[in-house]
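Student: Input: one structure, supplied below.
The values are calculated or read from the model by the stated rules, or taken from the named source; none is laboratory data. It should be emphasised that the depicted structure is a prediction, and the values quoted were computed from it without experimental measurement. Don't worry about glycine lacking a Cβ; one is built from the backbone with ideal geometry, like all the others, and counts go over all protein chains shown. What goes into the accessible areas is simple: the full protein's heavy atoms, side chains included, and nothing from ligands, DNA or RNA. Shrake-Rupley method; radii C 1.70, N 1.55, O 1.52, S 1.80 Å.
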Amino acid sequence: MSETRIIIFAKAPQAGLAKTRLIPALGAEGAASLARRMLETTLQRALRARTGPVELRVTPVISDSAWSDFPIPQNVEVRFQGEGDLGARLALAAKSGLECNTAVMLIGCDCPQLDSTALREAAQILRGVDAVMHPTADGGYALLGLRRFDPRLFNDIPWSTNGVARRTVQRLDALQWSLHVAALFNDVDEPADLRCLPAEWLP
């Protein structure tokens, strides 16, 4: 148990299901195309980082037809995200990941800056602290790395608001866990965020 497991959360890149807040700018098909590109890129970056196992937490279940045309690399473990709000699903992933790995890093597919180098550096930092976070400009986080588990990190968090990172840091402080706050990154969730994307990613 000396590895850092990367756990990626993703919706199926299907029109009307993924990146719905970008539909006004890109249309349903364009938003789905971008979601697919971001998921493919995130998977490849996680594998190239070589920090440990790579796990994809999906919704809906992988047997759903929404995933039928998405090629998942053979060396990626796939599990259903589970039920409940985002906090419940993140807690489930973190707890199970830490049962078989020294550390876990929870990420999404929304951050173009979270490349293989950033993932490796976060894993390296995590060797010396209880938690590492890459906050995002919208008040959330692109990465949360943990060497320990406590459900309070995920309970009653105001998900999809600008208070996510702040509230999580407060919980870490209350637990008296050591935390390294890494560089501030940008997520791509709203039409205004598209300026953060590499031009070749746009559909």
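Student: Of the numbered conditions (1) assigned to a helix (DSSP H, G or I); (2) free of Cβ contacts under 8 Å to residues at least 40 places away in the same chain; (3) in contact with a helix residue (DSSP H, G or I) (Cβ under 9 Å, 6 or more places away or on another chain), ARG36 fails exactly one; give the number of that condition.
Tutor: Among (1) assigned to a helix (DSSP H, G or I); (2) free of Cβ contacts under 8 Å to residues at least 40 places away in the same chain; (3) in contact with a helix residue (DSSP H, G or I) (Cβ under 9 Å, 6 or more places away or on another chain), ARG36 violates only (3).
Student: I need the full set of residues from segment 112-132 which are closer than 16 Å to ASP187 by Cβ and surrounded by fewer than 24 Cβ atoms within 10 Å (Cβ to Cβ), in order please.
Tutor: Once the filter is applied, which keeps residues that are closer than 16 Å to ASP187 by Cβ and surrounded by fewer than 24 Cβ atoms within 10 Å (Cβ to Cβ), segment 112-132 yields PRO112, GLN113, ASP115, ALA118.
Student: Would you mind stating whether LEU56 is part of a helix (DSSP H, G or I) and either in contact with a Phe, Trp or Tyr (Cβ under 7 Å, 6 or more places away or on another chain) or open to solvent by less than 30 Å² (accessible area, probe 1.4 Å) (or both)?
Tutor: Working: part of a helix (DSSP H, G or I): no; either in contact with a Phe, Trp or Tyr (Cβ under 7 Å, 6 or more places away or on another chain) or open to solvent by less than 30 Å² (accessible area, probe 1.4 Å) (or both): yes.
Criteria not met by LEU56.
Student: Report every pair of residues separated by at least 6 positions or lying on different chains whose Cβ atoms are under 9 Å apart, first residue within segment 64-81 and within 13 Å of ARG36 (Cβ to Cβ), second charged (D, E, K, R) and surrounded by 12 or more Cβ atoms within 10 Å (Cβ to Cβ).
Tutor: Close Cβ pairs (under 9 Å, with a partner that is charged (D, E, K, R) and surrounded by 12 or more Cβ atoms within 10 Å (Cβ to Cβ)) amount to ALA66/LYS11; PHE70/ARG36; PHE70/GLU40; PRO71/GLU40.
Student: A follow-up question, please. Among (1) open to solvent by 20 Å² or more (accessible area, probe 1.4 Å); (2) assigned to a helix (DSSP H, G or I); (3) in contact (Cβ under 8 Å) with a residue 40 or more places away in the chain, which single condition is ALA46 missing?
Tutor: Only one criterion in (1) open to solvent by 20 Å² or more (accessible area, probe 1.4 Å); (2) assigned to a helix (DSSP H, G or I); (3) in contact (Cβ under 8 Å) with a residue 40 or more places away in the chain is unmet by ALA46, namely (1).
Student: Kindly indicate which of PHE154, PHE70 is under 23 Å from ASP189 (Cα atoms), touching a Lys or Arg at 6+ places or on another chain (Cβ under 9 Å) and open to solvent by 10 Å² or more (accessible area, probe 1.4 Å).
Tutor: Exactly one of PHE154, PHE70 is under 23 Å from ASP189 (Cα atoms), touching a Lys or Arg at 6+ places or on another chain (Cβ under 9 Å) and open to solvent by 10 Å² or more (accessible area, probe 1.4 Å), namely PHE70.
Student: How many of the residues in segment 161-192 are open to solvent by 30 Å² or more (accessible area, probe 1.4 Å) and either of a type in the set (A, V, I, L, M, F, W, C) or touching a residue at least 60 places away in the same chain (Cβ under 8 Å) (or both)? Break it down stepwise before answering.
Tutor: Filtering segment 161-192 down to residues open to solvent by 30 Å² or more (accessible area, probe 1.4 Å) leaves 161-162, 166-167, 169-171, 173-176, 178-181, 183-184, 186, 190-192.
Subsequent filtering for residues that are either of a type in the set (A, V, I, L, M, F, W, C) or touching a residue at least 60 places away in the same chain (Cβ under 8 Å) (or both) retains 169, 174-175, 179, 181, 183-184, 186, 190-192.
Number of matching residues: 11.
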